[in-house]
1. Evaluate the range 367-380: report whether one residue or more is within 30 Å of residue 97 (Cα to Cα) and modelled with pLDDT of 95 or more.
2. Name the residues in the range 130-145 that are farther than 15 Å from residue 418 by Cα and touching a residue at least 60 places away in the same chain (Cβ under 8 Å), would you?
3. Only one of these is part of a helix (DSSP H, G or I) and of a type in the set (Asp, Glu): 309, 303. Name it.
4. Going through the range 67-90 one residue at a time, which ones are more than 30 Å from residue 317 (Cβ to Cβ) and either at pLDDT below 95 or among the acidic types (Asp, Glu) (or both)?
5. Quick one: in the range 351-405, of everything that is in a helix (DSSP H, G or I) and small (Gly, Ala, Ser), which residue is farthest from residue 341 (Cα to Cα)?
6. Mind checking whether some residue in the range 178-195 is free of Cβ contacts under 8 Å to residues at least 60 places away in the same chain and crowded, with 17+ Cβ neighbours inside 10 Å?
7. Need the failing condition index for residue 416 against (1) under 23 Å from residue 360 (Cα atoms); (2) surrounded by 24 or more Cβ atoms within 10 Å (Cβ to Cβ), just the number.
Amino acid sequence: MGDRSADATTPLGSRRDFFANAGGGFAALALSWLLQQSEARAGSEDDTPLAPRPRHFAAKAQRVIYLFMHGGPSHLETFDPKPDLQRLSGQPLPASFGAVATRRKVATNPLLATKRTFRKYGKSGIEVSDFLPNIARCVDDIAVIRSCWADSVNHPQAVYQINTGSVLMGKPSLGSWMGYGLGTENQNLPAFVVLPDPSGGIKGGPPAYGAGFLPASYQGTLVRGGSSPILDLDPGSDRTRQRKTLDLIGKLNSRHLADRGGDTELAARISAYELAYRMQSAAPDAVDFSRESAETRSLYGVDDAETQDFGSRCLLARRLAERGVRFIQLYSGDVNGWDAHDNVETNHARMCARTDKPVAALLTDLKRRGLLDSTLVIWGGEFGRMPMSESGVGRDHNPHGFTYWMAGAGIKGGTVHGATDAVGLRAEVDRVHVHDLHATILHLMGLDHTRLTYPHNGRDERLTDTSGQVIRSILA
């Protein structure tokens, strides 16, 4: 895949620049995606850059649902019990743990015990916090990775790294690499969909789901609930008239193109009209919950004010997955989200209450529909939280040790990989860097991370840069 050529550079002042700077929010992103997809198609060898492509090797996973806990959930309050932290609470971090870099220099603050109770669940006996009773009941389908670590203590850089493999802005995101490597199963819907928190904001902004130096057709597309999931796609009331209008425009544009061969901008525009027409039918159908049973809506918590938002987006993720969208990323939390500086107990009680039931419902629903065997579900944020206190009751950012979990296709459920140290400060046993997480996710999708490359500035770039090891212990 490394020999695929890049798009030609778009001239300054082109339509892409206009829409990028127009401040149209979802509308600008949606229309930009449509035009960019078609432009990439116009210049490609096979004219279908998002057509399904062969994998490097056979794999069970066909698609990914990535549940992103925005702001950094505390492993110490969720999936990583630490008896020694409870015992040493109120004392300074023992000197044996060495120096630790923190953004707010709280290394000298006393250790903070959690108020949560952990107990064993399922046949596997994996310990989970009482903050997450519903996810805990699914633990035999989950592989918990307790030894993750990353390179940045700041949100934007950490968000970039966990999404793109680099702390620097402008690299392709995981979902973009997935679309580039595998294409999409449904040409009427994007390969990579982002379901943002309606409260607004992603730390680091759109580059977190951007295509970077990959062709723009692979960037994430923002989709929301309701009758207009992507703005400016409303077909109006007369589809027959619209079809005739598009046919006329297409005929005139094609005649104009024939007289000026090689105009990829015009060819892209012609294709964009057709793609938008197809999406007018496919996108509203995907977000229409009217055919879902009352039991299913209740399972996701759509009928409960506390879980309605995230539950609706989890249900939408399932509907997009079964319609062939390759990579779906849900954000839990706005620019503050799980960022528990002031009071970890209050913050996480709120965030867990909003997400625990919907996440468990997603796993349950996928499993009973036979979709979990082909869908990889991922849970985690950009980093974890410190065992030392902040403001007496909060926790600062901790990239040195945190937890992720995966479930579904290709995953050995009921397993735990790695461990942090005695108080949960640093990954200590079988450490897993962000590059290792990405290598494993690609592997589960049938892609060798060392072979999924793209030529850029004289170098074959890849998601995992020059490192990354597949986490074999969690593979089924």
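1. If we filter the range 367-380 for residues that are within 30 Å of residue 97 (Cα to Cα), which is where we start, we get 379-380.
Then keep just the ones that are modelled with pLDDT of 95 or more; that gives 379-380.
Yes, some residue in the range 367-380 is within 30 Å of residue 97 (Cα to Cα) and modelled with pLDDT of 95 or more.
2. Applying the first criterion (farther than 15 Å from residue 418 by Cα) to the range 130-145 yields 130-141.
Within the range 130-145, 131, 132, 133, 134, 135, 137, 138, 139, 140, 141 meet the criteria.
3. On the way: 303 fails: part of a helix (DSSP H, G or I).
Step by step, each of 309, 303 is checked, and only 309 is part of a helix (DSSP H, G or I) and of a type in the set (Asp, Glu).
4. Here is the first cut: in the range 67-90, the residues more than 30 Å from residue 317 (Cβ to Cβ) are 82-90.
Hit for the range 67-90 is 84, nothing else.
5. Going residue by residue through the range 351-405, those that are in a helix (DSSP H, G or I) are 351-368.
Checking the rest, the ones that are also small (Gly, Ala, Ser) come to 353, 360-361.
Numbers: 353: 19, 360: 27, 361: 29 Å.
By that ranking, first place goes to 361.
6. Pass one, the range 178-195, residues free of Cβ contacts under 8 Å to residues at least 60 places away in the same chain: none.
Within the range 178-195 (the criterion being free of Cβ contacts under 8 Å to residues at least 60 places away in the same chain and crowded, with 17+ Cβ neighbours inside 10 Å), the answer is no, since none of the residues qualifies.
7. (2)
The values are calculated or read from the model by the stated rules, or taken from the named source; none is laboratory data. Bear in mind the structure is a predicted one, so any value in this text is a computation, not a measurement. With ideal geometry, Cβ positions are generated from the backbone for all residues, glycine too; neighbour counts draw on all protein chains shown.
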